[in-house]
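Engineer: I have a structure I would like to understand better, so I am pasting it below and will then ask my questions one at a time.
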Amino acid sequence: MPELLDEVHWCLENTPTKFILCGSSARKLRHGAANLLGGRAWRFELFPFTTSEIGDTDLGRVLNHGLIPRHYLDDRPERALLAYVADYIDQEIRSEALTRNVPGFARFLDAAALSHGELINFANIGRDCGVSSKTVREYYQILEDTLLGHRLEPWRRSRNRRLIETAKFYLFDPGVVRALKGMPSIQPRTDEFGRAFEHFLIEEVRAHLSYREKHLPLSFWRTSTGLEVDLLVGRIDAAVEFKATEEVRPQHLKGLVALMEDQKVGHAFVVSLDPAPRKMGDILVLPWREFCRRLWADEIV
C-alpha cells in the first residue's frame with residue numbers, strides 16, 4: 001500500500017492532466033458521467049483492511065465485525081454496520097435513483113445475503129423478493145457497479161467432467177453480510193463460520209491481486225456431481241480450498257484431487273485452522289495466517 005500511494009502522489013505532482021478521485025457514485029462514474037480520459041487515467045481500488053495491514057489479525061473479529069477499518073476497530077460494531085447498510089440504500093440507491101423500486105431492492109439485498117457465496121438462482125431470488133428474474137439480474141449489476149460485491153465465475157473447461165456453469169456472488173465484506181443477515185453472531189464450528197471463513201480469504205486474495213497489479217482472473221471449479229474447489233487463480237496457477245477445521249483429513253481433499261486429475265494445477269492448497277503447515281501428497285495444507293503471510297510475500301501467486 002505505501003508504494004501504491006507514493007505512485008499516486010508522484011502522478012498528482014508530475015502529470016499534466018486531470019485526476020478524478022472518487023469514493024461514492026461509482027456507478028455514475030462507470031457509466032459515463034465523468035471524463036475518463038482514456039489512456040491517461042488509472043484506476044485503483046481501495047479494499048477494506050487486509051491481514052498485511054492489521055498484523056496480528058483476530059479471526060473472530062474479522063468474521064463478526066468485518067474489515068472496514070471503523071467496524072473492525074469498534075468493540076461494538078453493530079450500530080455502525082446497520083448504519084452502513086442503511087446509508088448504502090439511502091445514499092447510493094435512493095439519491096442516485098438507481099432503481100425506482102427501493103423497497104423491492106431492499107428485499108433483494110436480504111435475499112442476496114441469505115444466498116451469499118452460493119450459486120446464483122435469479123428465478124428463486126425474484127420469487128423471494130417479488131420481482132422478475134430480469135430485475136434481479138439488474139439488481140446484481142447495481143451491486144457490482146457500486147462496488148458492493150462481485151461475481152465469482154465458474155471454470156468452464158474440462159477434459160472429462162461435466163461442470164456447473166452458474167456464477168456465485170460475494171459481497172465485499174464479511175461484516176456487511178452479517179448485518180444484512182440480521183446480525184447473528186458467527187460462532188466457531190458452525191456452517192456459517194465456514195462460509196464466512198471462505199469469504200474472508202477470497203476477499204484477501206482479491207485485495208492482494210489488485211494491490212500487486214496482478215491481472216489474474218478468479219474462478220471456482222464445481223462438477224455436476226458436487227465436487228468443488230473454492231478458488232482458482234489465473235489459469236489454475238493456484239487452486240485453493242478453504243476448510244474451517246482444525247485438522248484437514250483426506251475426505252477434505254476430494255475436490256482438489258479430482259481437479260488435479262482433470263487439469264494441470266500449478267500449486268494446490270488447503271487453507272484451514274490447522275496449527276502448522278504440512279503436505280498431503282501434492283497438496284499443501286496451510287494455517288490461514290501462514291497462507292496470508294505467504295500470499296503477501298508473493299509466494300502463493
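Bear in mind that the values in this text are calculations on the coordinates, not laboratory data. Worth saying up front: this structure is predicted, and the values here are computed from it rather than measured. Positions of Cβ are backbone-derived with ideal geometry, glycine not excepted, and every protein chain shown enters the neighbour counts.
Engineer: Any chance you could get the radius of gyration and Dmax over the Cα atoms of the chain, in Å?
Structural biologist: Values for the chain (Cα only, Rg and Dmax): 19.9, 59 Å.
Engineer: Putting +1 on Lys and Arg Cβ atoms and -1 on Asp and Glu Cβ atoms, find which of ALA268, VAL205, LEU284 reaches farthest to the positive end of the dipole of the range 180-293.
Structural biologist: Of the options given, the answer is VAL205.
Engineer: Based on the Cα coordinates of the range 31-187, what is the per residue volume of their convex hull in Å³?
Structural biologist: 183
Engineer: Taking the radius of gyration and the Kirkwood hydrodynamic radius from Cα positions alone, what is the Rg/Rh ratio for the range 126-213, to two decimal places?
Structural biologist: Rounded to two decimals, Rg over Rh is 1.01.
Engineer: Which residue fluctuates the most in the chain, going by a Gaussian network model with Cα springs under 10 Å, if the choices are VAL271, VAL131, VAL176?
Structural biologist: VAL131
Engineer: Could you calculate the FRET efficiency of ALA106 with LYS134 from 1/(1 + (r/R0)^6), where r is the beta carbon distance between them and R0 is 30 Å, rounded to 0.05?
Structural biologist: The calculated FRET efficiency here is 0.95.
Engineer: Here's another thing I want to ask about it. Ordered by packing density, taken as the mean number of other Cβ atoms within 10 Å over each peptide's residues, highest first, how do 79-92, 99-112 rank?
Structural biologist: Numbers: 79-92: 15.1, 99-112: 16.9.
Final packing ranking: 99-112, 79-92.
Engineer: Hey, another quick one. Hey, got the dipole for the chain? About the Cα centre, +1 on K and R Cβ, -1 on D and E Cβ, debye to the nearest 20?
Structural biologist: Dipole of the chain, to the nearest 20 debye: 1040 debye.
Engineer: May I pose another question? Find out how many positive minus negative residues lie around LEU73, taking Lys and Arg as positive, Asp and Glu as negative, among other residues whose Cβ is under 15 Å from that of LEU73. The partial results should precede the final answer.
Structural biologist: Numbers: positive: ARG61, ARG70, ARG76, ARG79; negative: GLU53, ASP56, ASP58, ASP74, ASP75, GLU78, ASP173.
Summing Lys and Arg as +1 and Asp and Glu as -1 gives -3.
Engineer: Count the lysine pairs in the range 51-296 whose Cα atoms lie under 19 Å apart, taking only pairs 8 or more positions apart in sequence or on different chains.
Structural biologist: Lysine pair count for the range 51-296: 8.
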